[in-house]
Structure formats: C-alpha cells, structure tokens
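Bear in mind that the values in this text are calculations on the coordinates, not laboratory data. Keep in mind that what you see is a predicted model, and the values were worked out from it rather than measured. Methodologically, a virtual Cβ is constructed for each residue, glycine included, from the backbone with ideal geometry; neighbour enumeration extends over all protein chains shown.
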Amino acid sequence: MVKMTGAQALVEALKRQNVEVIFGISGGSILPIHDVLHDSDIRHILVRHEQCAAHAADGYARASGRPGVCMATSGPGATNLVTGIANAYLDSSPVVAFTGQVNTFSANSSYMIGRDAFQEADIVGITIPVTKYNYQVKKASEIPKTVKLAFHIATTGRPGPALIDLPKNVQTENSEMEFPNTVEVRGYKPKTEPHPLQVKKAVKLLFEAERPMVLAGGGVIISNASPELLALAELLMMPVATTLMGKGCFPENHPLSLGDVGMHGTQAANKLMLEADVLLAVGTRFSDRTTGNLDEFCPNAKIIHIDIDAAEIGKNVEVDVPIVADAKETLGLIHRLLMYQLKERESSPWFNRVKELKEQLQNNMDPGNCDLKPPLLIQELRKILPENAIVTTEVGQNQMWAALHFKTSKPRTFISSGGLGTMGFGFPAALGAKVACPGSSVVDIAGDGSFIMTEQELACSVMEKIPVTVMVLNNSMLGMVAQWQRLFYNRRYSAVELGKAPDFVKLAEAYGAQGFRVGSLKEFSEAMKKALKSEVTTVIDVPISPEENVFPMVPAGKGLKDIIDRAG
Amino acid sequence: MDMAKEQNHIISAIVEHKPGVLYGVANLFRRRGFNIESISVGPTEQSDLARMTITVKGDEKTIEQVVKQLNKLIDVIKVSRLDPANIVTRELALIKVRALDSKARSDVINYADIFRARVVDVSSESLMVEITGDSDKIDAFLDLMKPFGVKEVARTGITALSRGAKSVRIEE
C-alpha cells in the first residue's frame, strides 16, 4: 500500500500497463492528470481535436497489436472522443479512453455530477453502446484496479474500447493505493479453446470438400493467425478471400489469394464464393458489405464459422459448424488434424478454376488516356513502398481503390475504418501507426473530402515530429456519393461538389508541412519518393477526374453474383 | 420476420447489483431492436447480485441473439432461458375498480375470493384488489373487472424460477 493522489495512481497504473504514449488534449477537469504526466516518462501527444486522439490511439493499436490510449477533458472533450470510440468498437480495436469529469462533490453543494455543471456530459451513459466496458470512478482507491480491468477487457477476447471517467476530485483525492497484479471479473470469461466435437466436424467437411474456400476477416489479424491460415490454405490448396478488415492477413501475391470480397471485392473472389462447396469463415461478422444480399450468399456451401464472439455466430448468416474460439488456436488445430490425413496437394480441378478465373478477370481495367488513374497511382505506390510500410485509408472511393489495388503481404500494414466508415480516420490513424512503428513509412491514401475532416492534425504531426505522407486523390467531390448518384440517381449531383478549396499545397505549407501537386504518374512517383525521405509530413495533391468510378461493384441490396465492372 | 413463430420467452439473468446495469441491459434491447414485454429486477439471496426476469417476444433466432448479446455485457454474469414447461411464473397486480353501490362491491369481493385475490383498500367509490398469479390468471381477472370499470392497473411484470433442485446461481 502506498499513499498517493488519484492522478498519480492513474499514471502509475498506466506505467504498469507499459503504456508509452497517450494521445489527448487537456482541459479543466483533467488538469491534475496532465500535471502528473508533466513529470512522467509517458509521452503525451497533443492532438488538435479529441476525435483524432481516439483515431490515433486506434491506429497505434492496429499497427502494433498493443492497446492505444487517449485522453480528454469532460464535456465537449469527452463527447468529441465518441466517433473515435465508436469506430474502434465496430472494428474491434483495443482503445482505452480516459475522460475528466466534473467533481462528484463541491464545497457549497452536496453533489455536482448530475447538476449540469460547466462542461458536464454523461459520457458513461453516452458511450454504453459503443464501448466494451466503461466505468465512472467514485473513489481514488478504485483507480488501480479499474485501470487494470479496463486494459484486460479491452485487449482480451474480442478486443474493443474501454472508457474510464474520472471526476476531478477523485484525481486529487489522497488515498492508500494497492496495485493488483491480476483482475478477475465474474461476468467476463472469454473462451479461446475450440470445442473438440465442432473441430472434428470442421475437419471432416474440409477433408471431403472439393471446392473449399476461406473468408478471412479482421479476427485473423487480431489473433495473429496468419501463419496458421497460410499453412492450412496451402495444405488444402484452398483459395483465400478477405474482408476489408482482413486485408493483410494473407499475402496478396500468393496464387491462392483472391483479394477482397464483397461490394467492392474482386470479381474472382465474388464469383468463386458462389461456386465453393465449403466456406471456412474466420474472424468475420459477415457484414452486409461483405455478403451482399444474404439470400444469395454462398448458395452452394456448407459454412464453418470460427469467431471468438459467440454473438457473431448465427447473427447474420446461418452456419453449419459454429466454433466459438480463438482463430489462431483453432486454425492450428485443424491444420494439425488434417496433416495426418492428407497428402500435400499440388493441384486440383478447383485450384485450376481459381487460377483460370483470377487470370481471366484480372486486367479488364480501362486505362483511358490519362495516367492519373487511381488504380495506377496506387499500384505505383505499392512499387515504391517497402513491404513493411503501413497504409491507412480514409473512407469512400479512396478506400475501395486502396483495398482493390494496394496488394498487402503482411498483417497490420493496411489500416482502414471498416465498420463505422469514418471519413477523417486515415490521417490521425496514420499518425498513431507512425508513433507505434517509427521505422515504417506510413502513407494515408486519402480523398479530398475525407482529409479535410481532420487536416488540422497537420499541426500535431509537424509539432510532434511525426512524419507521414498523405496522398490526396482529389476529385473535388465526395466521390463515392457522387458515384452512387451517377449510377443510381440519374447523375443528379446533390450536395457532393466540394470545388477547388482548399489548395492542399498551401494548406500543408501553412502548417509547416511539405506540399506537392503532381500532374503525371512520373511526377507522383518522384513526389512520393521525396516524401518518404522527408522529415516533415508531406501532402501530395493528386488531381483526378471527378468522373472516376470504383469498379467492380455489387450494387447495394444485390447478391454477389450481380457484380458489375463498368457503368451502364 | 415470421410472426407466427413469435412467442414469449422468459430469460433469467444474474447481474451485478449496482447502478447502471439496468441501463446497459435496456439499452442493448433498444439498440438491437428486441422487444421487452416485461422486466422485473430485484436482489437475490446474494446481496451483491440481482436477478432480472425478462419476458421477450420473438422467434427462436431472435431469442438466441438476445441471450448471446446479454452474455457479452460485462455486468451480466449468467443468462438462462427458462423452459416454459418447467417453470413457476408469478406476477402481482394492483387493480382499482369502480364500485359505487353495495351490489358492485360484493360482486367484486366475491370474484376476488374465487381468484384468491385480496381487497387491500376501500373508498366510497372504489375498491383496490391485489392479485398474484401467472399472467393468464391476472388477465382473466381483469376481464371480469372490466364491466365494473377499471380505473387503474399496476402490474409488476413476470418474475420466474425454474422448478426442482436446478438453480441459476453464482457460486461464491
């Protein structure tokens, strides 16, 4: 037992969790903690908007596999975090958020919380639906245990954000503190081991399958199950399609890789899903963007579903073999069991079909007469970037072009807002990823509409010396919405034209960052190479045609078979 | 959704007995679009635990999701679906009935006797009856009271336990 203030206990508890970095902004109700942080080894990175503190923590977590931490003051500081927390929740990212809160007691009234004090918001009530765990600390002595618990819950089972709300008087209260080494929660016991009977059923299905296929989601990355997935896929000569969240879990230059599946998946992946006789779905929640119309999803396949979250099984898709367990453990076990029964396959009619479709459907992109085509730009970026470079994306056309054309070979190198689809995520997430992996180049593939939502973090990146590159695919439009209006709303462009403001080069320079505008693929390539060597953040403005569409595409509400590869 | 397959299911959940837990559960039902028919909450034999008895209308798939989603809440410790064939359910209702003359009064009192209900308050214009039983019994009694004029009803919602030695409890 040691006597200290709540704020000191918080910082001590964070050190015990090996927290090295906090993204945040200070304010009245969290002053005592920032005062303690002033003397601490923990680096506090001052962002310029709290939403970006949460996104940066999220990017940090996804790039490193370690929890990301963000902090904000009460009221508006806390509510500004909410989008970032919701984003982390939908993409199962371990973000731990701390918020200041008004005093529980004040001198002249018995209660302050609940009386609409200055900068009071019920952040615990607000974040219940978007956190895995949240709690308002009422006594300083609860802090060590609560912090331990929040990190435990955020990082185990299906990861997700946790939030701890800290009234100011609790931060200053002196108390005897006891720092526990372990925490036990009776309502939370995530199960990682697969049920042997279900594994047996899965092994039998896969053994007998003629056309087995994998649908790999973000859970494969979270569970670090890429080696097990690769081994199993190769043993069975089984093609692998990924969801947007799963991108990176399987090397995309591998002959068995089909790329992404779903609304903007590859043609080969979407077509082969219809032909598969067994689908092994791992760490995915069968989002509507992945499955298309559920009535037409995988009509010929028996489905095996591995997920650590029991509530995901049977939620969207009825499955034949449910396995509630950790992906790594389960895939490893299935692989070992099959190895005894199977000889390594060299080829099969199914693999030949996979090869045939991949080749046939690969190169039907229309090159047009301009070389500033997003697919070409992104393929060029891939050539320039080393394998360990990290790409983040914004949301919209930029994201889908990146998913289709940026071939990843390593987990945690492709970071995107999959579930919530938060425009403005990519840039702060890139900063978080760079802080987590300072040795890797980090590039945000952005659109002009998304980047402008969080561009103020250029100030953070310059002042905190976190150099990343933002490549703005600039069509002066909210491009994805415009694409839908072009295809489904008779070209009636309503509320999508952004015009030529701002000048992104001048914007970058205003913050002390570096800005380039490019007019050809060659200039882009040169600018990107300069950016990667630069010690300050670089914004590359890449003007593209406002008429560009992302194809292929499965129109909303249609089945995967209805994939289209051009307009009209 | 196939309405024909929708019926009432009773879920018993042992939860942490602390502020905010009911909010979390109620919020989950709202967000996922599950319909609560009734909910009753009270302490258990263990002082730090509460029991929620939730009646939900839905098909099999919906109820399965309800149970799984409830299980995900950290403050929810154990969730069980109670088997309707092997369960005791009770509800309590307070019913205020118009009774202006002695004939009405004695009729209400007679009905109450038959239903083993009790008259718990009397005024010059009304009687208040307390009745306990399963929901069907209370519905039947309410139907009988309608001709007199039902002024107010307060029902607790269903609370339930499964029969026999099996129990939904947390080992200490």
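Miscellaneous remarks
- With an a/c value of 1.5 or above and a/b larger than b/c for the gyration tensor axes a ≥ b ≥ c computed over the alpha-carbon atoms, segment B:3-82 is described as prolate.
- Cα long-axis angle, helix A:374-384 against chain A (0 to 90 degrees, to the nearest 10): 80 degrees
- The fewest-to-most ranking of A:Met477, A:Met177 by surrounding Cβ atoms within 10 Å reads A:Met177, A:Met477.
- Prolate/oblate/rounded label for chain A (Cα gyration tensor, a/c 1.5): oblate
- Anchor A:Lys434: lysines whose Cα lies under 23 Å away (excluding residues fewer than 8 positions away in-chain): A:Lys15, A:Lys247, A:Lys383, A:Lys407, A:Lys410, A:Lys465, A:Lys529, A:Lys530, A:Lys533
- 0 to 90° range, to nearest 10: angle between helix A:50-64 axis and chain A longest Cα axis: 60 degrees
- 3J(HN,Hα) along segment A:172-189: 9, 5, 8, 7, 6, 10, 10, 9, x, 8, 9, 10, 10, 10, 6, x, 9, 9 Hz, from the Karplus curve 6.51 cos²θ - 1.76 cosθ + 1.60 with θ = phi - 60°, whole Hz, x for Gly and Pro.
- Here's how it looks for A:Val278: its modeled amide H is under 5 Å from those of A:Arg211, A:Met213, A:Lys302, which are all 5 or more places away or on a different chain.
- Remark: spin-label model distance B:Asp83-B:Lys5 equals 2.2 nm, labels positioned 7 Å along the Cα→Cβ axis.
- Charges were assigned to the Cβ only: +1 to each Lys and Arg, -1 to each Asp and Glu. The resulting dipole of segment A:196-360 about its Cα centre is roughly 240 debye.
- The HN-Hα couplings worked out from phi for segment A:544-559 by the Karplus form 6.51 cos²θ - 1.76 cosθ + 1.60 (θ = phi - 60°) are 10, 5, x, 8, 5, 10, 9, 9, x, 8, 9, x, 3, x, 8, x Hz, whole numbers, x standing for Gly and Pro.
- Remark: spin-label model distance B:Glu60-A:Gln362 equals 4.7 nm, labels positioned 7 Å along the Cα→Cβ axis.
- For A:Glu210 and B:Lys166, a Förster radius of 30 Å and the Cβ-Cβ distance give a FRET efficiency of 0.05, rounded to the nearest 0.05.
- FRET E, pair B:Asp136, A:Ser409, Förster distance 51 Å, beta-carbon r, rounded to 0.05: 0.20
- With a simple spin-label model that places each label point 7 Å from the Cα along the Cα-to-Cβ direction, the separation between A:Asn174 and A:Asp277 comes to 7.6 nm.
- Proximal aspartates and glutamates to A:Lys139, defined as alpha-carbon separation beneath 15 angstrom and excluding residues fewer than eight positions away on the same chain: A:Asp165, A:Glu173, A:Glu176, A:Glu178
- Euclidean distance between Cα centres, segment B:98-172 to segment A:178-220, Å: 50 Å
- Rounded if a/c under 1.5, otherwise prolate or oblate - chain B, Cα gyration tensor axes: prolate
- Neighbour-count order for A:Met71, A:Met4, fewest beta carbons within 10 angstrom listed first: A:Met4, A:Met71
- Modelled label reach - A:Cys370, point 7 Å along Cα→Cβ, segment A:528-555 residues with backbone N closer than 12 Å: A:542-549
- Among A:Lys561, A:Lys148, A:Lys529, the order by Cβ neighbours within 10 angstrom, fewest to most, reads A:Lys529, A:Lys561, A:Lys148.
- Low-density loop positions, trypsin sites (Lys or Arg not before Pro), segment A:297-395 - DSSP coil, at most 15 other Cβ in 10 Å: A:Lys343, A:Arg345
- The mean number of Cβ atoms from other chains found within 10 Å of a Cβ in peptide A:183-189 is 5, as a whole number.
- Anchor A:Lys500: aspartates and glutamates whose Cα lies under 13 Å away (excluding residues fewer than 8 positions away in-chain): A:Asp448, A:Asp541
- Near-label residues of segment A:293-316 by backbone N, under 15 Å of a point 7 Å along Cα→Cβ of A:Phe488: A:293-294
- For A:Ile390, nonlocal amide neighbours, meaning residues 5 or more places apart or on other chains whose placed amide H falls under 5 Å from its own, are A:Ser441, A:Val442, A:Val443.
- Stretch gain in nm, segment A:Leu294-A:Asp41, where the contour uses 0.36 nm per residue and the Cα spacing is subtracted: 86.0 nm
- Sites A:Ile384 and A:Glu497 - FRET efficiency at Förster radius 35 Å, r taken between beta-carbons, to 0.05: 0.65
- Computed on chain A, with alpha-carbon pairs under 8 angstrom and 6+ residues apart, the relative contact order is 14 percent.
- Formal net charge of residues neighbouring A:Glu387 (Cβ-Cβ distance under 11 Å; K, R +1; D, E -1): +3
- Segment A:70-103-segment A:495-533 distance, computed between alpha-carbon centres (Å): 31 Å
- Structure remark: mean-square fluctuation, Gaussian network model of chain B, C-alpha springs under 10 Å; the largest value among B:Ser47, B:Ser12, B:Ser80 belongs to B:Ser47.
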